[in-house]
Amino acid sequence: MSHRRRQPDNRCRLDGCRIANRVTVRGKAYVYPRYMLVNESADIMGLCQWALDLLGIAWRMNRRNSLFVARREAVAALDRHVGPKS
C-alpha cells in the first residue's frame, strides 16, 4: 500500500468579508466599508499582516485572531488587489 502525502494548498484560507460598518457619533449615522479577516492561526495572521504591509495597506488587530482594514484609502487599495466578489 502506498502512502502519498497531500500536497499543501498554495492559497491562504482566511474567513473574511467586506462589510458596511455602521456607527453613530453624536447622533449622526455613518456607514463606511471595511474588511474583516479572522483566523485562529497566529502564523496565518502573521502572513496576512506581512502581505498587507508589503502592499502598504493599513490594518489593525482588534483581537488576537481578528484583523480589520478600515481606513478609506486602505479599503480602496485592498479593493484594487482583491477585486469584486464573484
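I need the shape label for segment 32-71. Rule: rounded when a/c is under 1.5, else prolate if a/b > b/c, else oblate, with a, b, c from the alpha carbon gyration tensor. Oblate is the answer for segment 32-71, as a/c is 1.5 or above yet b/c matches or exceeds a/b. Once you reduce segment 16-34 and segment 50-86 to the center of their Cα atoms, the two points are 16 Å from each other. Note on Leu54: accessible area is roughly 120 Å² with a 1.4 Å probe, heavy atoms of protein only. The slack between Arg26 and Met61, meaning 0.36 nm per residue of separation minus the straight C-alpha distance, is 10.0 nm.
Short-range pairs are left out: with C-alpha atoms under 8 Å and at least six residues apart, the relative contact order of segment 25-86 is 35 percent. Rounded to whole numbers, the Karplus 3J(HN,Hα) couplings from phi for segment 36-46 are 10, 10, 10, 7, 6, 7, 4, 5, 5, 4, x Hz, using 6.51 cos²θ - 1.76 cosθ + 1.60 with θ = phi - 60°, and x at Gly and Pro. Between Ala76 and Asp15, the distance separating the two model label sites (each 7 Å from Cα on the Cα→Cβ line) works out to 3.2 nm. Of the trypsin sites (Lys or Arg not before Pro) found in segment 51-86, those that fall in a DSSP loop while having at most 14 other beta-carbon atoms within 10 Å are Arg64, Lys85.
The values are calculated or read from the model by the stated rules, or taken from the named source; none is laboratory data. In this text, all values refer to a predicted model and were calculated from it rather than measured experimentally. Here Cβ is always computed from backbone atoms with ideal geometry, including for glycine, and neighbour counts include all displayed protein chains. Accessible surface areas use protein heavy atoms only, side chains included; no ligands, DNA or RNA. Shrake-Rupley method; radii C 1.70, N 1.55, O 1.52, S 1.80 Å.
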